[in-house]
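*Asks:* Here it is, the structure in full.
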Amino acid sequence: MTSIGGAEMVDWNLAVATATRLVRPGPEVSRDEARAVVAELRRHARTSEEHVRAFTRMIPEGSPLPDTPVLVVDRAGWVKANVAGFRELLGPLLGKMQDRRSATPGGAVIGAVGGKVTGVELGMLLSFLASRVLGQYETFAPAGPDLPGGAATGGRLLLVAPNIVHVERELEVDPHDFRLWVCLHEETHRTQFTAVPWLRAHLEGEIQTFLGATEMEPGAVLERIREAVQSFAGARAEGERGDEGPSLVELVQTPEQREVLARLTAVMSLLEGHADFVMDGVGPEVVPSVAEIREKFQQRRASGAGRLDAALRKLLGLDAKLRQYRDGERFVRAVVGQVGMDGFNRVWTSPNTLPTKAEIARPADWVARVHRKGGTQSEER
């Protein structure tokens, strides 16, 4: 048994080892080129702070810069950071499941085997994702020697260098422009969490509510999965388009979880759409080829990397994330167009001013609710 995995419900060490072993190698670069890429990404991350701050006006002028570190990582480094985050978030749920298992005859033996199996499965999933993520504001993993975090928020900004190089080569775009463009998006996420103190706790609370509603009885879980598989297969047999309808992940949720997921979807749509809006708003001034990059990147997002990739994205619900970028950006653009940037920034006042999933689709409803009588009057930008 590993010191971390052991009798736990998930063998976390095995998850890291599996993902690291299975993840595809990154693009070929020389040692000098790799060092140059890392250095440039760090410079762009610092530059992006001021650009994002000036454009969003979320942080008052003269306030200190965020203290969250920027970590330029490889694919294995991204895996380790996310396993640490999963372990932190899933701890309460897995603890309850472990207590339940301990009361079952033979539970220790079953758990030891189950932890290994789950560790391998998680590792396989992370190996798929590790070659696709360009950057991430990592919010939940505890700070440590390998994962330093900000003093106030505990967060860190991850930039996955091999994936950024891979995509810039695949799209045949200017690498320096593309790296800055990516940093603008990820820096917006860092600004969101450092400028809005309650946001991290709010998201964590929603996630814990979602996990707390998980079916604990194995029979109920298996029955829900069986129904989901039949529904998923039936939809495909009826010729349903691959980008419509619920994912398999969505189908196995309880009614209570679907309510929480609707709220989480709205928040994530806001965060991702806001980041896309900012990167495109700042882009024309500092990224000369931003129009070309956006067009090619949107085409890449829409097409995926083939039939297998499209099937996995659908199965895991990743297509929903692509819709979050699109729908969230439309929401932000519409609200800013109606009430200005300062009017939009009222979205960060409290959890009560976050848009609902319905309001993401109908921005005027959010303006009417939050701005009341002033909802139809434009503000100065």
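The values are calculated or read from the model by the stated rules, or taken from the named source; none is laboratory data. Note that the structure is a prediction, hence the values are computed from the model and not measured. Heads up, the Cβs are rebuilt from the backbone with ideal geometry, glycines too, and the neighbour counts pull from every protein chain shown. Just so you know, the surface numbers come from the protein's heavy atoms only, side chains and all, with ligands and any DNA or RNA stripped out. Shrake-Rupley method; radii C 1.70, N 1.55, O 1.52, S 1.80 Å.
*Asks:* With equal scatterers on the alpha carbons only and no solvent term, can you work out the Debye log10 of I(q)/I(0) for the stretch 127-184 at 0.15, 0.17 1/Å?
*Replies:* Debye curve over Cα of the stretch 127-184, log10 I(q)/I(0) at q = 0.15, 0.17 Å⁻¹: -0.53, -0.65.
*Asks:* Now for a separate question. Quick one: if the Förster radius is 35 Å, what FRET efficiency do Ala262 and Thr47 give, using the C-beta to C-beta distance and rounding to 0.05?
*Replies:* 0.40
*Asks:* Okay, moving on. Taking 25 Å as R0, compute the FRET efficiency from the Cβ-Cβ separation of Asn352 and Gln208 and round it to 0.05.
*Replies:* That gives a FRET efficiency of 0.80.
*Asks:* Let me ask something else about it. Using a basic spin-label model with each label point 7 Å from the Cα along Cα→Cβ, how many nm lie between Ala361 and Arg169?
*Replies:* Those two pseudo-labels are separated by 4.2 nm.
*Asks:* Follow-up question, since we're still on this one. Leaving ligands, DNA and RNA out of it, work out the accessible area of Leu180 with a 1.4 Å probe and give it in Å² to the nearest 10.
*Replies:* The accessible area of Leu180 comes to roughly 10 Å².
*Asks:* Taking the Cβ-Cβ separation of Glu292 and Lys96 as r and a Förster radius of 41 Å, what is the calculated FRET efficiency to the nearest 0.05?
*Replies:* It comes out at approximately 0.20.
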